[in-house]
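K.L.:
Attaching a single structure in structure tokens format; questions to follow.
The values are calculated or read from the model by the stated rules, or taken from the named source; none is laboratory data. Just so it is clear, the model here is predicted, and its values are computed rather than measured. Counting neighbours? That spans all protein chains shown, and the Cβs are built from the backbone with ideal geometry, glycine included. Just so you know, the surface numbers come from the protein's heavy atoms only, side chains and all, with ligands and any DNA or RNA stripped out. Shrake-Rupley method; radii C 1.70, N 1.55, O 1.52, S 1.80 Å.
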Amino acid sequence: MDQLKKLFPSATLSKLKTDNKGYVNIPRTDGTWLVIEEKDLTDREKLLVEHLELLENQVEPDSPWYRFLVKNQGSAPNPLKLIQFLHIKVIRHSEQNDLEAEWLDIFSQLLPNLRSHIKLSQRDFLFILDQELHFDSEAILMEILAILEFDFGMKIAALIGQIWPLSLVNSWAKAYQLENELFQHLLEQPGFVGLNRFSLALLSTSLDITADLLQMLVALIAEHDEIEETIRAMWQEQAVITKTAQNLFIHRNTLQHRLDRFQEQTGLSLKRMDDLTICYLALLRQTR
């Protein structure tokens, strides 16, 4: 978005498509619209916008998940105990358009916790993962991306989001939209492809959405007994298990069990510095 604002200073973001004459609407994958005055566009750019509108009209998502997450309408269909969003952008694809069903089938076969997917546009997809059994999606996704590049000649950018519990279901749509905005920011970086993790992505940006996502992490941490003091102790001891256990006056195995349980429920490993850092930053924001 920052780059677009430089190119089109008068451009604005709108939740609704404008019908005002003299303006063009460019759809974004988070359900918002980029509104630009026609007078700021060259004839060539106007032609490109018309082409994008034609492509957008070919994709008309109409699923309960789309209405709930993207349009903020209705309630979560078949709520999951633990949900995770996988954001996908096809950077380069085969000229054979009929291969889409095949590569989507690869996701279905290799991700047993895939519950649904939404085609947001010709190149943008959202996958909804069920993480009740804490499936290590990251390792499998790396394998899937390698298969797609080798067998299909595709380049894909992906962001694997945070795991959100059913207790925060009223915030799922907000979580999706914030994660998607984070993903869109990553896509604006030159040469961004491959898989990126939530914590690393969040640490790499200073966007306003960082504060909102950290606040959601505070709510997530608050649901787990003794985790706040564990995060602070782990940070103080730089994630050294033995020293942290001594700091907390508990047995090393007790701490390990606590960390494993937290990772199963949230996907956050406090033994990994990026996850620990993002949790600690969330707690710092809580105390301000």
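K.L.:
Of the numbered conditions (1) part of a loop (DSSP other than H, G, I, E, B); (2) at pLDDT below 80, Leu48 satisfies every one except a single condition; which is it?
P.N.:
Answer for Leu48: the failing condition is (1).
K.L.:
Is it the case, given these coordinates, that Gln189 is surrounded by fewer than 19 Cβ atoms within 10 Å (Cβ to Cβ), polar (S, T, N, Q) and either touching a helix residue (DSSP H, G or I) at 6+ places or on another chain (Cβ under 6 Å) or not in a helix (DSSP H, G or I) (or both)?
P.N.:
Here the answer is yes, as Gln189 does meet what is asked.
K.L.:
If you don't mind, another one. With (1) without any contact (Cβ under 8 Å) to a residue 12 or more places away in the chain; (2) open to solvent by 70 Å² or more (accessible area, probe 1.4 Å) as the list, and Gln286 as the residue in question, which single condition is left unmet?
P.N.:
Gln286 satisfies all of (1) without any contact (Cβ under 8 Å) to a residue 12 or more places away in the chain; (2) open to solvent by 70 Å² or more (accessible area, probe 1.4 Å) except (1).
K.L.:
Another question, then. Going through segment 118-153 one residue at a time, which ones are among the charged types (D, E, K, R) and touching a Ser or Thr at 6+ places or on another chain (Cβ under 8 Å)?
P.N.:
Initial filter on segment 118-153 (among the charged types (D, E, K, R)): 119, 123-124, 130, 132, 136, 138, 143, 149, 151.
The one that is among the charged types (D, E, K, R) and touching a Ser or Thr at 6+ places or on another chain (Cβ under 8 Å): Asp124.
K.L.:
OK, next. Report, ordered by the first and then the second residue, all pairs with beta carbons closer than 7 Å, sequence separation of six or more or different chains, a first member in segment 205-228 that is outside any helix (DSSP H, G or I), and a second member that is open to solvent by 20 Å² or more (accessible area, probe 1.4 Å) and among the hydroxyl-bearing types (Ser, Thr, Tyr).
P.N.:
Pairs that qualify, where the first residue is outside any helix (DSSP H, G or I) and the partner is open to solvent by 20 Å² or more (accessible area, probe 1.4 Å) and among the hydroxyl-bearing types (Ser, Thr, Tyr), are Glu223/Ser167.
Per-residue answers, yes or no, for (1) at pLDDT below 90; (2) in contact with a Cys (Cβ under 6 Å, 6 or more places away or on another chain); (3) of a type in the set (A, V, I, L, M); (4) open to solvent by less than 40 Å² (accessible area, probe 1.4 Å):
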site	(1), (2), (3), (4)
Ser199	no, no, no, yes
Gln215	no, no, no, no
Thr230	no, no, no, yes
Met234	no, no, yes, yes
Gln246	no, no, no, no
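K.L.:
Count, please, the residues in segment 254-283 that happen to be without any contact (Cβ under 8 Å) to a residue 40 or more places away in the chain and of a type in the set (Val, Ile, Thr).
P.N.:
Total meeting the criteria: 1.
K.L.:
Moving on to the next point. Please find, within segment 249-273, the residue that is nearest to Asp130 (Cα to Cα) out of those that are open to solvent by 20 Å² or more (accessible area, probe 1.4 Å) and touching a Ser or Thr at 6+ places or on another chain (Cβ under 7 Å). Full working, then the answer.
P.N.:
Kept after step one, since they are open to solvent by 20 Å² or more (accessible area, probe 1.4 Å), are these residues of segment 249-273: 249-254, 256-258, 260-261, 263-265, 267, 271-273.
If we keep only those that are touching a Ser or Thr at 6+ places or on another chain (Cβ under 7 Å) too, we end up with 252, 258, 263.
Numbers: Arg252: 31, Arg258: 22, Gln263: 15 Å.
For segment 249-273, the residue satisfying everything is Gln263.
Yes/no per residue for (1) among the aromatic types (Phe, Trp, Tyr); (2) assigned to a helix (DSSP H, G or I); (3) at pLDDT 85 or above:
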| residue | (1), (2), (3) |
| --- | --- |
| Ile26 | no, no, no |
| Ile36 | no, no, no |
| Lys39 | no, yes, no |
| Glu53 | no, yes, no |
| Glu60 | no, no, no |
| Asn72 | no, no, yes |
| Ser75 | no, no, yes |
| Glu95 | no, no, no |
| Leu104 | no, yes, yes |
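K.L.:
Also: Do we have Ile163 as in a strand (DSSP E or B) and under 28 Å from Ala211 (Cα atoms) here?
P.N.:
Numbers: in a strand (DSSP E or B): yes; under 28 Å from Ala211 (Cα atoms): yes.
For Ile163, the condition - in a strand (DSSP E or B) and under 28 Å from Ala211 (Cα atoms) - is met.
K.L.:
Could I ask something else about it? So Asp151 ticks every box in (1) open to solvent by 30 Å² or more (accessible area, probe 1.4 Å); (2) part of a strand (DSSP E or B) but one. Which box is left unticked?
P.N.:
(2)
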